[in-house]
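Structure first, then comments.
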Amino acid sequence: MRLILAFLGLFLLTAAAPARDWTAAVRQTPQGAYVVGNPAAPLKLVEYGSYTCSHCAEFAKESDAVLKGQMVKSGRVSVEYRHLIRDQFDLAAAVLARCAGPRGFFGASQAIFLAQPVWLDKAIAWQQADSGTQYRSNGERLRAVAQGAGLIELMQKRGLTPAAMNACFANQAEIERIVKLTQEAPADVQYTPFFFLNGTAQPNMTWTKLEPILRAGRAR
């Protein structure tokens with residue numbers, strides 16, 4: 001009887017254990033991309049994205065609750081985000097998203113995408129007014145871009161300090177690493193967002209098209 005009770009107690013404890021939330025598992029690849037989710041996830045999604053891309057912003061907004069909130073969280077899907085830099089605004093945003101570190105990267109990226117209509121308009125207006133200014137370094141120019149676009153203020157609200165952001169913009173090696181991700185993109189990645197699922201290209205993909213593909217792979 002004691003053995004049976006002990007077994008039942010162990011079973012109940014195991015059954016009551018909460019499932020792991022894999023959205024808290026974020027790591028960086030040797031190339032510098034960020035990955036969120038279970039390293040052993042059967043569905044591995046790679047996204048090439050740009051912060052100035054309106055279609056990327058739409059995908060981020062439409063997919064987040066299910067893709068990360070359910071599919072990644074359950075451990076069935078992992079998502080790797082790789083930068084495909086299109087312009088100086090995109091690069092400045094990438095520096096700031098990465099400045100949040102692995103734990104803050106995906107949240108910062110989502111905030112940048114959701115605020116895109118506001119900060120991108122500011123960035124374009126700032127560029128027109130600042131077109132003749134000379135900067136001492138690429139990092140200094142990118143920081144000015146981020147300031148003019150309102151991205152500095154956006155990231156301050158998320159807890160990044162001015163000192164931390166200044167250090168990130170001064171890190172030329174990290175800026176070059178971001179650009180290298182674009183240079184090393186496969187030849188068929190000609191636009192954003194562009195996806196690979198378990199190594200197979202998924203061209204012309206929206207969340208409406210991608211969700212059923214993931215569901216067919218038993219994502220939940």
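Every number here is computed from the coordinates shown, using simple stated rules; none is lab data. From a predicted model like this one, the values you see are computed outputs, not experimental measurements. Backbone-built Cβ (ideal geometry, glycine too); neighbour counts: all protein chains shown.
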Trypsin sites (Lys or Arg not before Pro) in region 15-87 lying in a DSSP loop, each with at most 14 other Cβ atoms within 10 Å of its Cβ, come to Arg20
CD proxy, 222 nm, the chain: helix-only mean residue ellipticity via -39,500 (n - 2.57) per DSSP H run with n ≥ 4, per residue, nearest 500, stands at -16500 deg cm²/dmol
Expected max-MSF residue from Gln147, Gln128, Gln172 in the GNM of the chain (alpha carbon, under 10 Å) is Gln128
For region 24-216, percent of DSSP beta bridges that are antiparallel (nearest 5) comes out at 65 percent
HN-Hα couplings for region 43-50 via Karplus (6.51, -1.76, 1.60; θ = phi - 60°), in whole Hz with x for Gly/Pro, come out as 10, 10, 9, 10, 10, 9, x, 9
Classified through the alpha carbon gyration tensor (a ≥ b ≥ c as square roots of its eigenvalues; rounded if a/c is under 1.5, else prolate when a/b is larger than b/c, else oblate), region 108-188 comes out rounded
Of region 150-186, those with amide N under 16 Å from the point 7 Å along the Cα→Cβ vector of Arg103 are 158-161
Stretched fully, the stretch from Glu58 through Asp130 gains (0.36 nm per residue minus C-alpha distance, one decimal, in nm) 23.0 nm
dims of the chain, Cα set, principal axes, largest to smallest, nearest Å -> 84, 38, 30
Surpassing 28 Å at the alpha-carbon level, of the pairs Lys68/Lys157; Lys73/Lys209; Lys61/Lys157; Lys157/Lys209; Lys44/Lys122, are Lys157/Lys209; Lys44/Lys122
Each label sits 7 Å from Cα toward the beta-carbon; between Thr161 and Ala173 the label points are separated, in nm, by 2.2 nm
